[in-house]
Amino acid sequence: MTRVERAGRLTFASLAVPNYRRYIGGQSISLIGTWMQMTAQSWLVLTLTGSSTALGVVIALQTLPVLLLAPYGGVIADRIDKRRLMIALQTAMGLQALTLGLLTVTGVVQVWEIGVLAVLLGLNNAFENPSRQSFMLELVGPEHLRNAVSLNSVLVNVARAVGPAVAGILIATVGDGVCFLVNAASFVAVVASLATMDRKALNPTTPTAREPGQLREGLRYVRSHRELAVPLLMMAAVGCLTYEFQVSLPVMASRGLHAGATGFGFMTAAMGIGAVMGGLVVAARGKTGLRTLMIAAGAFGVAMTLATFAPTLAFELIALALAGAASISFMSTANSTLQLSAAPSMRGRVMALWFVAFQGSTPIGGPIVGWVMAVAGARAGLGLGAITCFAVALAGAGMMGRVRSERRAEVSAVA
């Protein structure tokens, strides 16, 4: 076997699991539609209102249910069959996309309707995402978990590269509504992949019996385990102020670079291409732990700084590709570190908190980033994200120093 073949097998090891191949096949179709909808929705709101603040508010409405309800979604994920819950909620998401598409193509859509549908989508996400994140271990087992998480992140970002680019072309030619209708149809693939899995090959976690206080129990568990609490806090800060690309990129495209809808699509696609490359590296050679997370945060900050000051669209695309690579390294490292560190009975609740940190912080960060750009200009949103990454990297370095000092003190005490 050649070195290239060995590297390929290592990079794509989890694809040896038949159920995972089926799952990722369905996801590959659905996620392209999801990114098309995210792109089209941001552009539609900006077109209807001309306000970056309004865009931030709509995105906040979509993620507010995650902030409020995802921790309880994690409790539900630990109690019931995750696969069945995912089937039901993915179906509901398809109906939401269909409704938004019909309102848009008929020309009657209003901003308040987009807001209501965004809330409904957020409610679905609050319960579906914790189940989906914790389902990964049941799908591939601990041996392939890190690889599967990384490949799934690669898939998300392949979709990020394809979906927005297609959406930008469709918006410019046939309008926003078609993007929503395509997304609605794409949910058929992921629901079919889940419904037709070989259930005997799954390794389901024993459901946690229903008891009072399980949400508080999950919070206490995370708080008492530093290997969980620190990555979650780092993810919360970056998720709140850096990952607000649905707010910052449309404004940067339209007002900072004057690139229009097509430019916006290619900017988002550039991030996706960079993330794909970064994700493949993480899948093959990725490590977990606080040190790796700190380095990824610093690299993310450097790339975001370049994106903030890019003078032309060409330079912006290069900078965003680097930002995509750094972002996927940071995200995958945090995700894998948490899943491998959490007890099986707590994994749903831990991953729910990860989802809150990653996306549930948007109701806070989205309006902040939108307001910062309204006050300080289109580039300020990306700049705020860069500053946040550097702050998180420095905080991680400080925590590593504290851990080393504690270990030295323990060794001295034993001696």
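A few remarks follow.
- Figure note: E128, E211 ranked by solvent-accessible area, largest first, 1.4 Å probe, ligands and nucleic acids not counted: E211, E128.
- Inter-part distance where the stretch 216-259 and the stretch 112-170 are each reduced to a Cα centre, Å: 15 Å
- Take the chain with all the other protein chains still there, run a 1.4 Å probe, and you get 41 Å² of accessible area per residue.
- Rounded, prolate or oblate (a/c below 1.5 giving rounded, otherwise prolate when a/b exceeds b/c) for the stretch 338-404 by Cα gyration tensor: oblate
- Solvent-accessible surface of protein heavy atoms, probed at 1.4 angstrom with all chains present, puts S405, S361 in the order S405, S361, largest first.
- Residue with peak Gaussian network fluctuation, the chain [Cα springs, cutoff 10 Å], from M38, M399, M234: M399
- Residue among L68, L46, L155 with the largest mean-square fluctuation in a Gaussian network model of the chain, springs linking Cα atoms under 10 Å: L68
- Computed accessible area, I364, all protein chains, 1.4 angstrom probe, square angstrom: 90 Å²
- With all protein chains in place and a 1.4 Å probe, the accessible surface of the chain carries 67 percent carbon and sulfur.
- Rounded to the nearest Hz, the phi-derived 3J(HN,Hα) couplings of the stretch 133-143 under the Karplus curve 6.51 cos²θ - 1.76 cosθ + 1.60 (θ = phi - 60°) are 5, 7, 5, 4, 5, 5, 7, 10, x, x, 4, where x marks glycine and proline.
- Largest accessible area first, the listed residues Y221, Y72, Y23 line up as Y72, Y221, Y23 when surface is computed with a 1.4 Å probe on the assembled protein chains.
The values are calculated or read from the model by the stated rules, or taken from the named source; none is laboratory data. If you're wondering where the values come from, they're calculated on a predicted model, not measured in any experiment. When the accessible area is computed, the model is the full protein with side chains, heavy atoms only, and any ligands, DNA or RNA have been set aside. Shrake-Rupley method; radii C 1.70, N 1.55, O 1.52, S 1.80 Å.
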